[in-house]
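Asks: Could you have a look at this structure, given as structure tokens, before my questions?
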């Protein structure tokens with residue numbers, strides 16, 4: 001729900017880029033004018049109309065694509081969006097490398113700081129990032145895999161997906177740090193002084209840099225269009241994963257379900273368009289990425305590793321795949337991965353029990369973050385406990401197997 005609102009921000013900023021509508025102070029514009037942030041999560045405030053309008057557009061695009069089905073909708077959209085995203089990103093990278101100070105940013109980007117490796121927070125942020133970018137714990141990979149032919153080279157496809165995803169992220173990073181280097185040189189500052197995290201990077205630091213560079217309005221438009229395309233591609237996947245599971249299990253009509261779920265999703269997203277929306281978004285995102293996805297990841301490892309015949313699964317994968325899995329794969333699934341996730345999860349939780357996340361009150365964190373996860377888990381278990389109304393459970397899925 002909140003993810004759609006972030007895409008709406010990007011869509012608004014895409015149009016603002018042409019006139020550099022954020023003015024001379026992008027920081028003040030974003031927080032005080034565009035979001036008009038309230039004093040805290042309990043002060044809801046008004047709905048911001050430009051964000052709501054963008055939200056309507058984003059949800060409509062998702063509905064229109066998903067309503068057309070897998071082949072005429074999702075597959076066609078990905079065939080358009082993925083090349084477009086690669087092309088736009090390549091333009092940004094090449095353009096940013098020509099800026100004064102670009103090499104300063106690249107040097108900072110490629111120079112490792114090994115002192116940070118021993119810090120647990122670095123690993124927590126790393127696995128949260130990779131879980132999100134690879135869609136681990138969402139069910140997306142499971143849903144998309146169900147559309148593949150039964151003899152698909154699974155291990156090869158899995159490795160290609162992981163390497164291409166990480167490779168693209170590294171490639172896009174050149175554009176980000178080249179611009180930060182340009183900004184640092186233009187303002188006579190060290191690059192560490194201009195680096196922002198998360199939302200501040202996209203909606204404050206980048207607009208500042210765009211305002212400084214020649215042809216910045218076009219650069220900004222391409223950058224935010226990139227974010228819109230990437231966001232819609234991801235949101236389609238998230239909705240499709242849930243839709244595929246529900247259609248398979250309950251034999252509901254896809255068109256009706258897509259319409260209903262998009263309407264419900266839109267209504268639920270409105271909360272994040274209010275003046276308190278940034279606080280709600282921050283809390284929900286933190287709990288879902290730091291706890292929700294990790295708990296799902298641990299559960300998947302335990303279920304597959306201990307309740308399935310893992311050696312049989314591995315033998316099946318090796319029969320149809322060119323890259324063979326050894327006993328090491330069993331060890332990773334059963335022991336190593338869940339152990340690492342549990343340790344980091346406990347460390348993160350213990351840290352936040354001592355000092356609540358983001359300086360928020362416990363009441364806000366529990367009512368917004370914890371309750372959100374609990375409701376999601378309750379809904380998931382309730383759906384899972386319902387009997388199947390299709391034959392996919394017995395036949396092995398769409399591919400027939």
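The values are calculated or read from the model by the stated rules, or taken from the named source; none is laboratory data. It should be emphasised that the depicted structure is a prediction, and the values quoted were computed from it without experimental measurement. Ideal geometry is used to build each Cβ from the backbone, glycine not excepted, and the neighbour counts take in all protein chains shown.
Rundown of residues vs (1) in contact with a helix residue (DSSP H, G or I) (Cβ under 8 Å, 6 or more places away or on another chain); (2) assigned to a helix (DSSP H, G or I); (3) at positive phi; (4) surrounded by 19 or more Cβ atoms within 10 Å (Cβ to Cβ), yes/no style:
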| position | (1), (2), (3), (4) |
| --- | --- |
| 19 | yes, no, no, no |
| 39 | no, no, no, no |
| 43 | no, no, no, no |
| 51 | yes, yes, no, yes |
| 57 | yes, yes, no, no |
| 71 | no, yes, no, no |
| 78 | yes, yes, no, no |
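Asks: Check region 341-348 and report whether any residue there is under 30 Å from residue 120 (Cα atoms), out of contact with any helix residue (DSSP H, G or I) (no Cβ under 9 Å at 6 or more places or on another chain) and at pLDDT 85 or above. Step through it out loud before you land on a result.
Replies: Within region 341-348, the subset under 30 Å from residue 120 (Cα atoms) is 341-348.
Those still in the list that are out of contact with any helix residue (DSSP H, G or I) (no Cβ under 9 Å at 6 or more places or on another chain) too: 346.
Now narrow it down to the ones that are at pLDDT 85 or above: 346.
Yes, the conditions are met somewhere in region 341-348.
Asks: Specify the residue that is modelled with the lowest pLDDT; the eligible residues are those in region 156-198 that are surrounded by fewer than 18 Cβ atoms within 10 Å (Cβ to Cβ) and under 25 Å from residue 279 (Cα atoms).
Replies: The qualifying residue modelled with the lowest pLDDT is 197.
Asks: Same structure again: One residue is enough: does region 142-151 have a residue meeting the conditions in contact (Cβ under 8 Å) with a residue 40 or more places away in the chain, surrounded by 18 or more Cβ atoms within 10 Å (Cβ to Cβ), closer than 30 Å to residue 298 by Cβ and under 19 Å from the mean Cα position of the chain (by Cα)?
Replies: yes
Asks: I need the full set of residues from region 82-112 which are surrounded by fewer than 17 Cβ atoms within 10 Å (Cβ to Cβ), over 30 Å from residue 188 (Cα atoms) and either in contact with a helix residue (DSSP H, G or I) (Cβ under 8 Å, 6 or more places away or on another chain) or in contact (Cβ under 8 Å) with a residue 60 or more places away in the chain (or both), in order please.
Replies: Result: 82, 84, 86.
Asks: For region 167-191, which residues satisfy the criterion of being out of contact with any helix residue (DSSP H, G or I) (no Cβ under 8 Å at 6 or more places or on another chain) and either in contact (Cβ under 8 Å) with a residue 40 or more places away in the chain or not in a loop (DSSP other than H, G, I, E, B) (or both)?
Replies: Hits for region 167-191 are 167, 170.
Asks: I'd like to know if region 316-338 contains one or more residues that are closer than 30 Å to residue 268 by Cβ, part of a helix (DSSP H, G or I) and in contact (Cβ under 8 Å) with a residue 24 or more places away in the chain.
Replies: Just the residues of region 316-338 that are closer than 30 Å to residue 268 by Cβ, to begin with: none.
Within region 316-338, none of the residues are closer than 30 Å to residue 268 by Cβ, part of a helix (DSSP H, G or I) and in contact (Cβ under 8 Å) with a residue 24 or more places away in the chain.
Asks: Among the listed residues 126, 87, identify the single one that is in a helix (DSSP H, G or I), closer than 26 Å to residue 161 by Cα and under 17 Å from the mean Cα position of the chain (by Cα).
Replies: Selected residue: 126, the only one of 126, 87 that is in a helix (DSSP H, G or I), closer than 26 Å to residue 161 by Cα and under 17 Å from the mean Cα position of the chain (by Cα).
Asks: If a residue has to be in contact (Cβ under 8 Å) with a residue 40 or more places away in the chain and farther than 30 Å from residue 113 by Cβ to count, how many in region 192-215 make the cut?
Replies: Counting residues in region 192-215 that are in contact (Cβ under 8 Å) with a residue 40 or more places away in the chain and farther than 30 Å from residue 113 by Cβ gives 0.
Asks: Also, quick follow-up: Tell me which of these residue 249 doesn't satisfy, since it passes every other one: (1) assigned to a helix (DSSP H, G or I); (2) modelled with pLDDT of 90 or more; (3) more than 25 Å from the chain's Cα centre (by Cα).
Replies: Looking at each condition in turn, residue 249 falls short on (2).
Asks: If I filter region 142-158 down to residues being in a helix (DSSP H, G or I) and in contact with a helix residue (DSSP H, G or I) (Cβ under 8 Å, 6 or more places away or on another chain), which single residue comes out as farthest from residue 237 (Cα to Cα)?
Replies: 155
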